[in-house]
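Derivation of every value follows stated rules applied to the coordinates shown; laboratory data play no part. Note that this is a predicted model, so its numbers are computed, not measured. Neighbour counts are summed over all protein chains in view; Cβ atoms, including those assigned to glycine, are modelled from backbone coordinates with ideal geometry.
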Amino acid sequence: MKITFIGGGNMANALIGGLVGTGFAAADVCAVDISADCRARLEQSFAIRTAGSIDADVAAADVIVLAVKPQQMRAVCAELAPFLDRQLVLSIAAGLRSEDLSRWLGGHSRLVRAMPNTPALIGAGVTGLCAAPGVAQDERDAADRIMRAVGETLWVAEEAQIDAVTAVSGSGPAYLFLLVEAMQQAARELGFDDAAARRLSLGTVLGAAQLAAQSPESAAVLRERVTSKGGTTAAALATMAERGVKEGIVAGVHAAEQRSRELGVELGAAGAGSR
């Protein structure tokens, strides 16, 4: 399988590094980026081939990964469209819907949308994927292999569910960072210095996440086991319930899903020239 990445930013770097690090041949990977510095870093880090623009040679791959910013996508697709035939196009750009990508690519139908999250940068991501109807099983397998290079994958049947993936896992790291931020603030207010507050907060979140991942019990059951009646955890959770913490998180995820759907429409409309 030969892969060409269009765009050489952080996520492309993570994917290329993950692929090469798991035994994928560097000679079968190409990256296109207008930045000479970016191309030099990719060549030095992974010994892959790079190019400064899209042409028939770089487009002659089995899979083309679109890894540019959503605002750049329409122009990139216009450059790529003349060279497309039977390639699988895998988009990791947030918000952009398959119907808009297909239109900008001249009607190309072999499309997979992927929504990774930032832990992919350290190989610990989770990516939601959705395939267009024209994608064969071996092409789905190829997309899955690429995204599994940086973590876990989850396929959804309907493209609308990618908005839910965006809300839960795509934006999800920010929710955890906010929790860590709040725990660190509380720790400092209770007399710990910054270093100790960081160790206590991050160690707790990491340990709890690992426990939840390894336990067959639900998060609710694990929470109940930590919570003794009349104890310190019960006092904390009661105060959080009074402040509506859980309800606020759930409402926030729903708001993220709604905004993801809105952005898909806005980005597609902007690309169509209506804004």
Report summary line: With the label point 7 Å along the Cα-to-beta-carbon line of R199 and a cut-off under 20 Å to each amide N, the hits in region 173-189 are 180-189
**Report entry** Rg/Rh for region 132-275, where both radii come from Cα atoms and Rh is the Kirkwood radius
**Finding:** 1.07
Report task. In Å and from the alpha-carbon atoms only, list the Rg and Dmax of the chain. Result -> 21.5, 69
Report task. Figure the gain on full extension for E159 and A219 (residue separation times 0.36 nm, minus the Cα-Cα span) and round it to one decimal in nm. Result -> 18.8 nm
Query raised in the report: Could you give the length gained on full extension between S228 and A251, defined as 0.36 nm per residue of separation minus the Cα-Cα distance, in nm?
Result: 5.5 nm
Query - Between region 79-112 and region 192-208, the Cα center-to-center distance that results, in Å - result: 44 Å
**Report entry** Square roots of 5 times each gyration tensor eigenvalue, C-alpha, region 89-168, largest first, Å
**Finding:** 20, 14, 11
Query - Cut-off of 10 Å, at most 16 other beta carbons, DSSP loop: longest stretch of the chain lacking such GluC sites (Glu not before Pro) - result: 1-157
Requested in this report: Please give the FRET efficiency for A25 paired with R259, using the beta carbon to beta carbon distance and R0 = 45 Å, rounded to the nearest 0.05.
Outcome: 0.65
Query raised in the report: What angle do you read, to the nearest 10 degrees and between 0 and 90, between the alpha-carbon axis of helix 70-80 and the longest principal axis of the chain?
Result: 20 degrees
Requested in this report: With a cut-off of at most 10 other beta carbons within 10 Å, and DSSP calling the residue loop, which chymotrypsin sites (Phe, Trp or Tyr not before Pro) in region 124-189 qualify? Please list them.
Outcome: none
**Report entry** the chain: angle of helix 194-214 to the longest principal axis, Cα-based, in degrees nearest 10
**Finding:** 70 degrees
**Report entry** DSSP-assigned coil residues among trypsin sites (Lys or Arg not before Pro) in region 4-89, each with at most 14 further Cβ atoms within 10 Å
**Finding:** R86
Query raised in the report: Does anyone have the angle between helix 137-148 and the longest principal axis of the chain? Alpha-carbon axes, 0 to 90°, nearest 10?
Result: 50 degrees
Requested in this report: Calculate the radius of gyration of the Cα atoms of region 3-159 to one decimal place, then report Dmax, the largest Cα-Cα distance, as a whole number, both in Å.
Outcome: 14.1, 39
**Report entry** region 172-255: radius of gyration over Cα atoms, expressed as a fraction of 2.2 N^0.38 Å
**Finding:** 1.17
